[in-house]
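The values are calculated or read from the model by the stated rules, or taken from the named source; none is laboratory data. What you are looking at is a predicted structure, and each value in this text was computed from that prediction instead of being measured. Here Cβ is always computed from backbone atoms with ideal geometry, including for glycine, and neighbour counts include all displayed protein chains.
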Amino acid sequence: MKILIIEDEIGIANFLRDGLEDENYSVDIAHDGLRGLELATNRIYDLILADWMLPGISGIDITKQIRKSNKKIPIIFLTAKDTVQDTVAGLEAGANDYIKKPFQFEELLARIKVQLRKEEEELTNLSFEDLTLDTTTHQVFRDGTEINLTKKEFSLLYFLLKNKGKVCTRNDIIKEVWEINFETDSSSLDVYINFLRKKLETKNGENIIQTIRGIGYIIRERE
C-alpha cells in the first residue's frame, strides 16, 4: 500500500513516514501544496494524508482538484482546525476523515486502516468494456467467457483495472504486485504482461493493455 503525506512541518512528516514505513506502507512526502497536488495527480496512491494549511495551495483546494478526476482515493485531513464549520468544510471538499493535531499515531493508523478496508471492500467487482473481474470468486470473464489466470496474473490485472485510466509505472506495479523494490530485475513484469495480453486478446487481435514506452502500462479507451 502506498501513502502520500502532504505536510509542511518536516518533523511531523518524517514522524509519520517512519511510523507508516514500520507498518510496511510505502510513503512519499510533499512539503508544499503544489508539489503535493503534482504527486497526487501523476502517481498512484492508496491513501493521502493532507495538512489543511499548506504553502502554495491549501489541503482543501488540493482535495477539490483530486476529486475532479479521482472520486475514490481516501483522503484524511491533518489539521489544528477543530470547529464544526471547519469539519463540515473539509468533508464537503471531499475528505473522507479528519483528525485534529496533536494526535496519537495509533489513532491515525486505525483511521487509515478503516479507510483502506472500505476501499478494498468497494473494489470487489471491476470492469472495463466487456472484461469483468471478481475478487470474491477470483474469476475473470471477457465477453461472457471465463479466462483462467494464475494468482500473479490476477493480481496484475486487478492492479491495472483498479487504476484504469491512469498510467501504472513499472515501479508502482513491481512494488504493489511483486512487493519488492524496483532495483531488482523487472523482466518478469514484461513476461506477465505478455501472458495477460495473450489470454485477454480478442479474436481480431485487440487488447486492452497499452504500453506507455519508457514508463509503464495503462488500461483505457483507445483513441
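For the criterion of being surrounded by 13 or more Cβ atoms within 10 Å (Cβ to Cβ), modelled with pLDDT under 85 and hydroxyl-bearing (Ser, Thr, Tyr), Ser186 passes. Evaluate the following for Phe105: is it more than 30 Å from Arg170 (Cβ to Cβ) and over 19 Å from the mean Cα position of the chain (by Cα)? Criteria met by Phe105.
Might you let me know whether region 33-44 holds any residue that is farther than 22 Å from Asn171 by Cβ, at pLDDT 90 or above, surrounded by fewer than 17 Cβ atoms within 10 Å (Cβ to Cβ) and not acidic (Asp, Glu)? Yes; the residues of region 33-44 include at least one that is farther than 22 Å from Asn171 by Cβ, at pLDDT 90 or above, surrounded by fewer than 17 Cβ atoms within 10 Å (Cβ to Cβ) and not acidic (Asp, Glu). Residue pairs whose Cβ atoms lie under 7 Å apart, separated by 6 or more positions or on different chains, with the first residue in region 141-163 and closer than 19 Å to Leu123 by Cβ and the second among the hydroxyl-bearing types (Ser, Thr, Tyr), are Phe141/Thr132; Lys152/Tyr192; Glu153/Tyr192; Leu156/Tyr192; Tyr158/Thr135; Leu160/Tyr217. Would you call Ile66 in a helix (DSSP H, G or I), closer than 20 Å to Glu176 by Cβ and either in contact (Cβ under 8 Å) with a residue 60 or more places away in the chain or within 21 Å of the chain's Cα centre (by Cα) (or both)? In short, yes. Is it the case that some residue within region 134-151 is at pLDDT 90 or above and either assigned to a helix (DSSP H, G or I) or within 20 Å of Leu47 (Cα to Cα) (or both)? Yes, because at least one residue in region 134-151 is at pLDDT 90 or above and either assigned to a helix (DSSP H, G or I) or within 20 Å of Leu47 (Cα to Cα) (or both). Only a single item in (1) under 20 Å from Asn207 (Cα atoms); (2) among the charged types (D, E, K, R); (3) in contact with an Asp or Glu (Cβ under 6 Å, 6 or more places away or on another chain) is not met by Lys100, and it is number (1).
Taking the residues in region 58-102 that are surrounded by fewer than 19 Cβ atoms within 10 Å (Cβ to Cβ) and of a type in the set (Val, Ile, Thr) as candidates, determine which candidate is modelled with the highest pLDDT. Among those that are surrounded by fewer than 19 Cβ atoms within 10 Å (Cβ to Cβ) and of a type in the set (Val, Ile, Thr), it is Ile99.
Mind checking whether some residue in region 100-114 is among the β-branched types (Val, Ile, Thr), within 18 Å of Phe15 (Cα to Cα) and in contact with a helix residue (DSSP H, G or I) (Cβ under 6 Å, 6 or more places away or on another chain)? No, there is no match, as no residue in region 100-114 is among the β-branched types (Val, Ile, Thr), within 18 Å of Phe15 (Cα to Cα) and in contact with a helix residue (DSSP H, G or I) (Cβ under 6 Å, 6 or more places away or on another chain). Restricting Phe105, Phe154 to residues that are surrounded by 14 or more Cβ atoms within 10 Å (Cβ to Cβ), in the same structural domain as Glu21 (by TED's automatic domain parsing), of a type outside the set (S, T, N, Q) and over 13 Å from Ile75 (Cα atoms) narrows the list to Phe105.
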